[in-house]
Amino acid sequence: YDLWLRYRPLAAAPRAVVAAQAAAILAPADPSPSLRAALGELDRGLAGLLGAPPPRATTPRAGALVIGTPAELPRLTALGLPLARLGDEGYLIRSVTLDGAAVTVIAANTDIGLLHGAFAWLRLAQTGARLDDLDMSSAPRIAIRMLDHWDNLDRSVERGYAGQSIWDWWRLPDYRDPRYTDYARANASIGINGAVLNNVNAAPDMLTPRFIAKAAALADVFRPYGIKVWLSVNFASPKVLGGLPTADPLDPQVAAWWRAKADEIYAAIPDFGGFLVKANSEGQPGPGDYHRSHAEGANMLAAALRPHHGIVIWRAFVYSADNAEDRPRQAYSEFKPLDGRFAANVILQVKNGPVDFQPREPFSPLFGAMPETPLALEVQITKEYLGFATHLVYLAPLFEEALDADTYAKGKGSTVAKVIEGRLDGHALSAIAGVANIGSDRDWTGSDFNQANWYAFGRLAWNPDLSSRTIAEEWIKQTFTTDPAFVAPVAAMMMGSRQAAVDYMTPLGLAHQMATGHHYGPAPWVGDLDRPEWNPTYYNRADANGIGFDRTASGSDAVAQYAPPVARRFADLGTVGDDYLLWFHHLPWGYRMASGDSLWNTLVSRYGRGVDAVAAMQRTWAGLDRYVDRERYAKAATFLAIQHREAGWWRDASIAYFQSLSKLPLPPGARPPA
Ligand code: GCW
């Protein structure tokens, strides 16, 4: 339950290190709610780590932690701290001499910045870092760092694998479960500053006065932690709730309904973030129902929010059964022509890949292609296509791969990270969203290791340059132990886990081979669904001759949507690489890989490699029981056993199906399907 904020008693040596630098706390006399949250966290953390919270000091003394803004603690002004570049959320931590005493200063421009600084200092203390010679400062690179909950009003969670929704709508707004505060603490500790409370497949009821009051209660809990509430809205709400004959965005009555609704929300939630909208996608209503464009729909909502400084986040996840165009091309075709047509307070939210949160996809060609429009990156923290709650798949390498992908939109180095930070095209608005993996399970996320994916999302949203290994290590140290004999092998296990899942589910650039609907196990043979683009066979295109999707000029030409250097790299068999090979190319079973081996043999061995990697993860974990409490140890061990069994299922089912087409023998050494 405690996530990475465990604060368990330290052993003698690290205890002495922390105690020496937290001998007392000096803070402003009359703290704001946010500063109270920061001080509460320092007290809680130090009480856990040291046995008792430190005393309060009123003047600097040796070993004190001094926390405040220069406005609150004027004695800090003399230090001349470089706070200007920290903005509203950043912080600075420095070992200094203040009034003759060696102290640690946590400073910021705002109390939210101080809260982030307090969490950062506690992270150092928990991970066994040196604390006596600190000089660090940090500010977020992306302005809106958001969790998108796909939570329904009946507390079911779309693609949620950790129990019911944590929002107990029935008992809200009166009862404010302490869990909401712990949720806010956890998010603030990693810098997340927004939460979309409800599913993008949005129930119109979310905008009724009853539910606005519930959302307002949550906003009250989150406010001291610097977290804003946002809502997903159903585009047909003016019809369903307002009784209007239409939801046409160009109808003045419709626009007036949304303006009044926005006014009503802001009266209850003055710092409300804005709306998230899934429109004309997978059956949701939208402006297209009235032959209006996505821009016309988004801009109408944006006008309603603008007086309150609210923002519309419009999703670019669109594809349609009636469109013969290759699915990964469709969003680009629809949105690229709208570049420059969106109002100033609209952000377009794009999934990392052009299909749908697959174990591996190339980056969406929209990144870099819409310079006039602020683009947000949407990733999935919940593992819809990656084994739900049980499979151990550490997602930071996937997030990092997406952020580091080079769009070449303005030459080399035009990474997706730069696009969404707003740096590439000079946008003030910037955002990143992760579809939450949080539910009411005691461990929050359905497994202890899934907590790392929530943690990593927040850390990367704050600083997209962090490495996934560093994040894994700091998470392990806070969550389990700082003992290197545990940290090193577990970090290595986590780092390899995503490639393992790619190998046993969808190797060599395959995608969407999951069974229909639930997306859990393998079903590469399914090809008879009403929506052709939901069929696994649509993606694998396997037949007697070969496998893979030709997306070069001779096929769907999806490569042409990328900047020329990227298009050339993907289109050329010599440069596309194994990771995206079958995403972009249809090849004969006998195709010679760079290794000299055939495609068929390589494919079979990749499935086997994935299963073997899970067996290796089991062996790693088996040697680590003495570092972990029995409950968490046993749960992870059991989940790894499930994962190993199911990785074998993926391998066997996939190879059996593809072999029924290729009619080729298994390569020497490959295990025959069980
Ligand atoms: O990943 C797919 C999911 C749907 C989801 C949709 C979306 C919320 O299978 O469950 O709907 O994407 O992102 O809108």
Worksheet entry | Unmet criterion (only one of (1) among the aliphatic types (A, V, I, L, M); (2) touching a residue at least 40 places away in the same chain (Cβ under 8 Å); (3) under 18 Å from GLN126 (Cα atoms)) for ALA12 | (2)
Worksheet entry | Residues of region 287-299 satisfying the condition of being out of contact with any Pro (no Cβ under 9 Å at 6 or more places or on another chain) and within 16 Å of the ligand (Cβ to nearest atom) | GLY288
Worksheet item: Just to be sure, is PHE357 under 23 Å from the mean Cα position of the chain (by Cα) and either of a type in the set (Asp, Glu) or more than 30 Å from PRO564 (Cβ to Cβ) (or both)?
Response: no
Worksheet entry | Residue in region 132-174 that is nearest to THR415 (Cα to Cα), counting only those that are away from the ligand (no atom under 14 Å from the Cβ) and among the β-branched types (Val, Ile, Thr) | ILE142
Discussion item. Need a quick list: helices (runs of 4 or more DSSP H) entirely within region 555-674 having at least 2 residues that are at negative phi and among the hydroxyl-bearing types (Ser, Thr, Tyr).
Written reply: 599-622, 630-662
Fill in: Count of residues meeting criterion [without any contact (Cβ under 8 Å) to a residue 12 or more places away in the chain and among the charged types (D, E, K, R)] in region 221-250
1
Item to complete: Give just the number: which of (1) more than 20 Å from HIS116 (Cα to Cα); (2) surrounded by fewer than 20 Cβ atoms within 10 Å (Cβ to Cβ); (3) of a type in the set (S, T, N, Q) does ASN450 not satisfy?
Response: (2)
Item to complete: Go through the residues of region 323-346 one by one and say whether even a single one is within 13 Å of the ligand (Cβ to nearest atom), in a loop (DSSP other than H, G, I, E, B) and closer than 30 Å to ALA262 by Cα.
Response: no
Discussion item. One residue is enough: does region 470-477 have a residue meeting the conditions among the hydroxyl-bearing types (Ser, Thr, Tyr), surrounded by fewer than 24 Cβ atoms within 10 Å (Cβ to Cβ) and within 30 Å of GLY310 (Cα to Cα)?
Written reply: no
Discussion item. Within 27 Å of PRO287 (Cβ to Cβ), basic (Lys, Arg) and either away from the ligand (no atom under 15 Å from the Cβ) or modelled with pLDDT of 95 or more (or both): is that true of LYS383 in this structure?
Written reply: no
Worksheet item: For LEU46, which of the numbered conditions (1) in contact with a strand residue (DSSP E or B) (Cβ under 7 Å, 6 or more places away or on another chain); (2) farther than 20 Å from ILE227 by Cβ fails to hold?
Response: (1)
Response to the item:
Inside region 3-22, the number of residues satisfying the requirement of being in a loop (DSSP other than H, G, I, E, B) and buried (at least 16 other Cβ atoms within 10 Å of the Cβ) is 6
Practice prompt. Could you list all residues from region 277-299 that are of a type in the set (D, E, K, R) and farther than 23 Å from ARG531 by Cα?
Written response: ARG292, GLU296
Discussion item. Please determine whether any residue of region 145-168 is at pLDDT 95 or above, among the basic types (Lys, Arg) and either buried (at least 23 other Cβ atoms within 10 Å of the Cβ) or touching a helix residue (DSSP H, G or I) at 6+ places or on another chain (Cβ under 8 Å) (or both).
Written reply: yes
Worksheet item: surrounded by fewer than 21 Cβ atoms within 10 Å (Cβ to Cβ), aliphatic (A, V, I, L, M), assigned by TED's automatic domain parsing to the domain that holds SER165 and more than 16 Å from the ligand (Cβ to nearest atom), is that true of ALA396?
Response: no
Practice prompt. Sort out which residues of region 618-674 are in contact (Cβ under 8 Å) with a residue 60 or more places away in the chain, more than 30 Å from PRO536 (Cα to Cα) and either outside the structural domain of VAL604 (by TED's automatic domain parsing) or of a type in the set (Gly, Ala, Ser) (or both), and write them in order of number.
Written response: GLY623, ALA636
Item to complete: Please work out which one of (1) surrounded by 15 or more Cβ atoms within 10 Å (Cβ to Cβ); (2) part of a loop (DSSP other than H, G, I, E, B) is the condition LEU65 fails and give its number.
Response: (2)
Discussion item. Six or more apart or on different chains, Cβ atoms under 9 Å: show the pairs whose first residue is in region 282-297 and aromatic (Phe, Trp, Tyr) and whose second is assigned to a loop (DSSP other than H, G, I, E, B) and more than 16 Å from the ligand (Cβ to nearest atom).
Written reply: TYR290/THR246; TYR290/ALA247; TYR290/ASP248; TYR290/PRO249; TYR290/LEU250; TYR290/ASP251
Worksheet entry | Of residues in region 259-280 being within 16 Å of the ligand (Cβ to nearest atom) and farther than 18 Å from PRO337 by Cα, the one surrounded by the fewest Cβ atoms within 10 Å (Cβ to Cβ) | LYS278
Practice prompt. Give just the number: which of (1) away from the ligand (no atom under 16 Å from the Cβ); (2) more than 16 Å from VAL196 (Cβ to Cβ); (3) part of a loop (DSSP other than H, G, I, E, B); (4) not hydroxyl-bearing (Ser, Thr, Tyr) does VAL318 not satisfy?
Written response: (1)
Worksheet item: Can you name the condition, by its number, that GLY113 falls short on among (1) part of a helix (DSSP H, G or I); (2) more than 23 Å from the chain's Cα centre (by Cα)?
Response: (2)
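The values are calculated or read from the model by the stated rules, or taken from the named source; none is laboratory data. Everything numeric in this text was worked out from a predicted model, so none of it was measured. No Cβ is skipped: glycine too gets one built from the backbone with ideal geometry, and neighbour counts run over all protein chains shown.
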